[in-house]
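Q: After the structure tokens below, expect a handful of questions from me.
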Amino acid sequence: MLNLTHTVGVTQNFCSERNFDQVWLKTRSGRKRMAWKWLQQLDLKYPHLAERARHLNERDHFRMKYDPEILRKRDGEDKRQQKKRKSFSSL
């Protein structure tokens, strides 16, 4: 967008410390990959907000889809399930 004169912009995707909790709750569910990337940037630039986000996740027992720890656990479970299927199919 290029504004040729003075103008005022209105946006609906504004996040501040005041509305952070509501924005985080909506983002982590609706935009999973973006929420993970955002959390990584919060760690670097706004650690107090990253801490709030993690607190909200813990409070709600919410696990982030793109968290490497969660992915490792899920991959390990997938491999165990494949082994079980193979052992049952050989019976």
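No value in this document is a laboratory result; all are computed from the given coordinates. Worth saying up front: this structure is predicted, and the values here are computed from it rather than measured. We place every Cβ from the backbone using ideal geometry, glycine too, and count neighbours over all the protein chains shown.
Q: Of everything in region 1-36, what is free of Cβ contacts under 8 Å to residues at least 12 places away in the same chain and either of a type in the set (Lys, Arg) or in contact with an Asp or Glu (Cβ under 7 Å, 6 or more places away or on another chain) (or both)? Give them in sequence order.
A: Residues satisfying the conditions are Arg18, Lys26, Arg31.
Q: Within region 9-44, can you find the residues that are over 16 Å from the mean Cα position of the chain (by Cα) and of a type in the set (Asp, Glu)?
A: Glu17
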